[in-house]
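**Student:** Before I ask anything, let me first share the structure, which is written out below as structure tokens.
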Amino acid sequence: LELHEKMMHSSMSLLRSRALMTRFTRAYRSIVDGEFGGGGRSSVSGLKVAVFGATGFLGRYVCNELGEVGTEVYIGNRGCEMETRHLKLMFDHGNAAYYFYNAKDPESIAKIVKGANVVVNLVGKRYETKHLIPTDSNGKFDPFGSRVNASYEDVNVGVATAIAKAAAAEPSVERLVHVSCLGASPDSPSIQLRTKFAGEEAVKAIFPDATIIRPATLFGHEDWFLNWYAWMGERLRVPLVEDGSALVQPIWAGDVAQAVMKAVEDEEEEFQGKTIELAGPVEYSRAEIAQFVQDITKQQTAIVPVPKPVLTAAAHAISQLSDPFLTVDEVELMDLDLVCNEAAASAAGVLTAKDLGIDPTPLEKIAFQYLHRYREGGHFIDAAGYH
């Protein structure tokens, strides 16, 4: 019992010391402005950036870009503290502070934004999170109620609105970077794209100088794009909506993170109030992507064209899982062309990767690095003499 009490006392002391260090760092940085240091993670960029959605797929790439130049970041997290562990390696000591917030609690968001020069919103979700049982609007059990506790509307519009309001109310905030989706439109058959567009409009109404970034389908080590095709091929079959002719123009998450960083560092206000559409160098059909993944993984699983109503019905059932591997809205997205028309974008005053000086990374340059793990025997199987 005595040993347990000593350990508890030691843990509490450690937590108090970390809290004091965080407060000291923020107070010190609020007095000492500007850049100093020799460059790299141990320098001070002079930027103070509040990041929401840092624990997601794109978030780790953005945080790495911020950490590389010694940016001071305030990271908001709605989940468990373990979700931010991997981000701590990206920043020098004292350069990152972590906070819990509730999207429906404006004060918790304001605390994260306080003192920041720039606010970055990366919040998004590929499916609607659910309760175990259906409930009514008051949270009480209702067999005819809904299990959804965070809808696309809540995440893509509600959270975006709350963050934009906090940014607009904080005197120190000079820039707001809001990450949306390529294809966002009020007329899209995809609810995700409709709510992403509504989120953009809400943000611009509150913070007119916000920079809107619309990336195409993202790929990278932690993606749910190429990994999805390989995951399905490893366990089930690889379904295509109809003949899989819908086009995608996937872009590497690292390239999108570079674009976010350029918007964060936009001292010349070149990107303020602008919309930026980002896409990869090549368009592929969904069928070509499925075959590309199989070429790398050496999987022999059948690629199956499925009528859209049939796949939608299957996705509806799968969506009842707590972490569904296919949703009804993803079936809609698989049936849409998600590509960037640079000529049309230019005519509409929308910027592209070319305007930012970013040369998008080819899909094949990155894909093998993480898809080879789906091979039977990994990449060692091709090495002569390995057994």
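The values are calculated or read from the model by the stated rules, or taken from the named source; none is laboratory data. Computed from a predicted structure; not experimentally measured. As a convention, Cβ positions derive from the backbone with ideal geometry for all residues, glycine included, and neighbour counts pool all protein chains shown. These accessible areas exclude ligands, DNA and RNA; they are computed on the full protein's heavy atoms, side chains included. Shrake-Rupley method; radii C 1.70, N 1.55, O 1.52, S 1.80 Å.
**Student:** Given (1) surrounded by fewer than 13 Cβ atoms within 10 Å (Cβ to Cβ); (2) touching a helix residue (DSSP H, G or I) at 6+ places or on another chain (Cβ under 6 Å); (3) among the charged types (D, E, K, R), where does residue 364 come up short, assuming only one miss?
**Tutor:** The one condition residue 364 does not meet is (2).
**Student:** How many residues does segment 50-71 hold that are surrounded by 24 or more Cβ atoms within 10 Å (Cβ to Cβ) and either part of a strand (DSSP E or B) or among the basic types (Lys, Arg) (or both)?
**Tutor:** Summing the residues that are surrounded by 24 or more Cβ atoms within 10 Å (Cβ to Cβ) and either part of a strand (DSSP E or B) or among the basic types (Lys, Arg) (or both) in segment 50-71 gives 3.
**Student:** For residue 277, state whether it is of a type in the set (D, E, K, R), without any contact (Cβ under 8 Å) to a residue 60 or more places away in the chain and under 23 Å from residue 366 (Cα atoms).
**Tutor:** On the way: of a type in the set (D, E, K, R): yes; without any contact (Cβ under 8 Å) to a residue 60 or more places away in the chain: no; under 23 Å from residue 366 (Cα atoms): yes.
No: the conditions fail for residue 277.
**Student:** I'd like to check something: does segment 84-92 contain any residue that is part of a loop (DSSP other than H, G, I, E, B), open to solvent by 80 Å² or more (accessible area, probe 1.4 Å) and not β-branched (Val, Ile, Thr)? Before the answer, list the steps.
**Tutor:** As a first pass, look at segment 84-92 and keep what is part of a loop (DSSP other than H, G, I, E, B): 91-92.
From the residues that got through so far, the ones that are open to solvent by 80 Å² or more (accessible area, probe 1.4 Å) too are none.
No, segment 84-92 contains no residue that is part of a loop (DSSP other than H, G, I, E, B), open to solvent by 80 Å² or more (accessible area, probe 1.4 Å) and not β-branched (Val, Ile, Thr).
**Student:** Do we find a residue being closer than 20 Å to residue 174 by Cα, modelled with pLDDT under 80 and exposed (fewer than 15 other Cβ atoms within 10 Å of the Cβ) anywhere in segment 11-27? Break it down stepwise before answering.
**Tutor:** If we filter segment 11-27 for residues that are closer than 20 Å to residue 174 by Cα, which is where we start, we get 26-27.
Still in the running and modelled with pLDDT under 80: 26-27.
Adding the requirement that they be exposed (fewer than 15 other Cβ atoms within 10 Å of the Cβ) leaves 27.
The answer is yes; a qualifying residue exists.
**Student:** Further question: Residue 151 versus (1) touching a Gly at 6+ places or on another chain (Cβ under 9 Å); (2) touching a residue at least 24 places away in the same chain (Cβ under 8 Å): which is the lone unmet condition?
**Tutor:** (2)
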